[in-house]
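The values are calculated or read from the model by the stated rules, or taken from the named source; none is laboratory data. None of these values were measured; they are calculated from a predicted model. Every residue, glycine as well, gets a Cβ built from its backbone with ideal geometry; the counts of neighbours run over all protein chains shown.
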Amino acid sequence: MIEVALAIAPTFALIVLGYALRRGGIPSIEFWNLNDRLVYWVLMPALFFVKISSADLGAAPLAGFAGVLYAGFFAAVGFGWLVQRMAGLAPAQGTDVIQGAGRFNTFVGLAIAEALYGAPGLQAAVLGSAILVPVVNVTMVTLLAAMLGQGGGARLALTLRELARNPLILSILVGLGFNLAGLHHVPVLHETASVLGQGALPVMLLCVGANLRIKGMRAALGPVMLAAVGKLAVFPLAVAGAIWLLEPPLIVAQVTMIYAALPVAVSAYTLARQMGGDAPLMATMITAQTLLAFVTIPLTLTLMATY
């Protein structure tokens, strides 16, 4: 466990640094707000485009990836839906539990995959994102619209429009298009996107830390814990079971366990706010799970390595 913790320690160090810099107003609050947009609209799409367009999809174990990742995701979402019903939560809080159990921070996953397994790990993690990101977004939008009732149709239309221009989804689709067309390396375009992509992970991790809201952690403990159990226990257990059943290649097993152990994505807050969920509660879930992940990710990956 010590070796894994040390390997991913720089990832969490950058998150902590991002939190400290924003709390200290360095360089300014406006900088961090703009930096979020830079990562979301430019740096991460560039990384996704380069990796997907240049990947050897014929040799990539996409079926194994999909089987393992979907097993974990839908098990965690099913758990979140069941426990929020059993707890009798209002729809706004119930949808937060479902998001908190099933969504994951892709950006942190990419950084950890590269830290542990180098370029092959990063490439595999990008392919895993390409498989999961569209399905996760469509599933969550559909569930939230169904559960939040009145006004759900209007909110659904608004959110579907946002999905249609989601830069991560668009970069995945464009990368796949280039790949299938045989355009694995277009001079200037790929070099430029590659340079942008190289800056994506460190800047993104700083932004993850900058978005933590520790002082606002006053939400009800029950929903926060239910979501944490779903994301940090049920998701990894379901993925481990799928790995045991499907026996995918080693790199697939390694990367899917990283995704399984990740905390909930920061974007869950945006979706909760847009569609009428409990946004303050969602912010608390994000912060709590990110802090817990400092311990649970090394523990989960270490246990899986001995599995």
Among the residues of segment 159-199, write down those that are surrounded by 12 or more Cβ atoms within 10 Å (Cβ to Cβ), more than 29 Å from Ala272 (Cβ to Cβ) and among the β-branched types (Val, Ile, Thr). Val186, Thr192
Ala219: small (Gly, Ala, Ser), outside any helix (DSSP H, G or I), modelled with pLDDT under 90 and on the phi < 0 side of the Ramachandran plot, yes or no? yes
So, in segment 225-243, exactly how many residues are surrounded by 21 or more Cβ atoms within 10 Å (Cβ to Cβ), closer than 13 Å to Met257 by Cβ and under 18 Å from the mean Cα position of the chain (by Cα)? 5
Any residue at all in segment 15-31 that's at pLDDT below 80, closer than 19 Å to Cys207 by Cβ, in a helix (DSSP H, G or I) and not polar (S, T, N, Q)? yes
Collect the residues in segment 175-199 that are assigned to a loop (DSSP other than H, G, I, E, B) and either among the aliphatic types (A, V, I, L, M) or closer than 15 Å to Leu122 by Cβ (or both), keeping them in residue-number order. Ala181, Leu183, Val186, Val188, Gly199
Suppose we filter Ala71, Ala92, Ala46, Ala76 for residues that are farther than 26 Å from Met204 by Cβ, under 18 Å from the mean Cα position of the chain (by Cα) and part of a helix (DSSP H, G or I); which single one remains? Ala71
Picking from Ala146, Ala119, which residue would you name as being in a helix (DSSP H, G or I), without any contact (Cβ under 8 Å) to a residue 40 or more places away in the chain and touching a helix residue (DSSP H, G or I) at 6+ places or on another chain (Cβ under 8 Å)? Ala146
Every residue in segment 278-307 that is closer than 15 Å to Val266 by Cβ, modelled with pLDDT under 85 and of a type in the set (Gly, Ala, Ser), please. Ala279, Ala283
Can you find a residue in segment 245-255 that is surrounded by 15 or more Cβ atoms within 10 Å (Cβ to Cβ) and not aliphatic (A, V, I, L, M)? yes
Given (1) modelled with pLDDT of 90 or more; (2) part of a helix (DSSP H, G or I); (3) surrounded by fewer than 18 Cβ atoms within 10 Å (Cβ to Cβ), number of the condition Pro202 does not satisfy: (1)
Need the failing condition index for Phe49 against (1) at pLDDT below 85; (2) more than 25 Å from Leu143 (Cβ to Cβ); (3) among the aromatic types (Phe, Trp, Tyr), just the number. (1)
Residue under question is Gly58, and the condition is that it be touching a Leu at 6+ places or on another chain (Cβ under 8 Å) and over 30 Å from Gly149 (Cα atoms); does it hold? no
Just one of Thr106, Thr11, Thr95 is farther than 24 Å from Pro280 by Cβ, touching a residue at least 40 places away in the same chain (Cβ under 8 Å) and of a type in the set (S, T, N, Q); which is it? Thr11
Counting only residues that are over 16 Å from the mean Cα position of the chain (by Cα) and among the aliphatic types (A, V, I, L, M), which one in segment 108-129 is modelled with the lowest pLDDT? Ala119
Mind checking which pairs have a first residue in segment 67-86 that is closer than 17 Å to Thr106 by Cα and a second that is among the aromatic types (Phe, Trp, Tyr), Cβ under 6 Å, 6 or more apart or different chains? Gly72/Phe235; Ala76/Phe235
Against the condition among the small types (Gly, Ala, Ser) and modelled with pLDDT under 85, how does Ala92 come out, does it pass? no
Mind telling me which of the residues Val97, Val83, Val135 ends up being at pLDDT 85 or above and surrounded by fewer than 19 Cβ atoms within 10 Å (Cβ to Cβ)? Val135
